[in-house]
1. From the helices alone, meaning DSSP H stretches of at least four residues, give me the mean residue ellipticity at 222 nm for the chain, per-run term -39500 (n - 2.57), in deg cm²/dmol to the nearest 500.
2. Report, by chain and number, residues whose modeled amide H sits under 5 Å from the one on residue 324, excluding near sequence neighbours (fewer than 5 apart, same chain).
3. If you take all C-alpha pairs in the chain, what percent of them are over 36 Å apart?
4. With springs only between Cα atoms under 10 Å apart, run a GNM on the chain and tell me which of 24, 128, 11 wobbles the most.
5. Ordered by residue, what ³J(HN,Hα) values in Hz, to whole numbers, does the stretch 88-93 give under the Karplus form 6.51 cos²θ - 1.76 cosθ + 1.60, where θ = phi - 60° and Gly and Pro are x?
6. Could you calculate the FRET efficiency of residue 92 with residue 161 from 1/(1 + (r/R0)^6), where r is the beta carbon distance between them and R0 is 51 Å, rounded to 0.05?
7. Leaving out ligands, DNA and RNA, what percent of the accessible area of the chain is carbon and sulfur, probe 1.4 Å?
8. Among the aspartates and glutamates, which fall within straight-line cross-link reach of residue 96, defined as a Cα-Cα distance under 14 Å, with same-chain neighbours fewer than 8 residues apart omitted?
Amino acid sequence: MALSIFKCIYCNKEYDIQEIRYRCECGDLLEVIHDLSQSIPNPNDWKKSLDGQMADIAFRRYQAVLFPSLPEDKLITLFEGDTPLYDVTHSIPRFKSIKLKHEGLNPTLSFKDRGMVAGVSWANHLGCENVICASTGDTSAAMAAYAAAAPNMKGIVLLPKGKISPEQLAQSISFGALTIGIETDFDGCMNLVQELTQKHKIYLLNSMNPVRIEGQKAIGIETLHQLNWQVPDWFVIPVGNAGNISALGKGLRELYELGIIDKLPRLAGIQTEGASPLFESFKNGYTKLVPQKAKPTKASAIQIGDPVSYKKAIRELKHFDGVVEAVSEKELM
Ligand SMILES: [Zn+2]
């Protein structure tokens, strides 16, 4: 097979990775599948080589499993990744060991940078001069920053007018993205983004783009490397649009299939009580997703009532014997 392909998670139809495509013809989500036997022919040697590459950026160090099809000279990086893993066992002594991964220490202050390395670099490889996203915060900051770092690339951000704080606007504007407020909500902006990317050669970088998931796999892989490949019992992760838990699961599965790790952790997805569609679905055995009108929460990044990556997330949760929990605002703080 080719080194990487797009494959539909529902009907299994395959597409050329070089095609600009975000969904299957059947309408369902695509994922990127790599032939890891080509990029990592000897997993043991690959694993041993990683310790000698700590001076390199995380994406490049793990690229053979993250996104081997990306040509080296197309990489757009802001030196994201290698975020610290804090041992906080002393603060929560009822656990034998508990560590926190601080993804806020990425260049634009969120894990979104992990996905944008892959997404913007791939747009750069495809020769797209314009990239776009609808966003209410972190995604637009990350996309604008990476687009600004690429040669000959313009970022376009569509935002619901009047609903964005100055802090959220600041990064997108200061990185030079064309930032447009539209008299609608997030979903209205998202519809416009889809229409624009169908009509023009503008590359879509919202989370339905499966390439971003490949970059986000680095969080779990890097964590295990920091733990000297000792697999913890649990990975606990917040869930909004469900892309991050999908990426975490996919990356860990790939490491397991390569024999880099010899057991799988369990996954716990955490939502807030006011935005808990995945939690409700978990309680009914994942039989269906009932979209919600998400209520405001201090964890504004996961205030999402209809998660785009729902189907990918439940596949990973089932594979990893996962659980989903919803917490109150008090518990959150
Ligand atoms: Zn399909």
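1. It lands at -10500 deg cm²/dmol.
2. Excluding prolines and chain starts, which carry no amide H, the hits are 269.
3. Working: 7913 of 55278 pairs.
Of the Cα pairs, 14 percent sit more than 36 Å apart.
4. The residue that fluctuates most here is 11.
5. 10, 4, 4, 7, 10, x
6. 0.75
7. Looking at the chain in its full context, I get 52 percent from C and S.
8. Filter leaves 87, 233.
The values are calculated or read from the model by the stated rules, or taken from the named source; none is laboratory data. Just so it is clear, the structure is predicted and the values come from calculations on it, not from any experiment. Neighbour counts run over all protein chains shown; Cβ positions are idealised from the backbone, glycine included. Heads up: the accessible areas ignore ligands, DNA and RNA and are worked out on the full protein's heavy atoms, side chains in. Shrake-Rupley method; radii C 1.70, N 1.55, O 1.52, S 1.80 Å.
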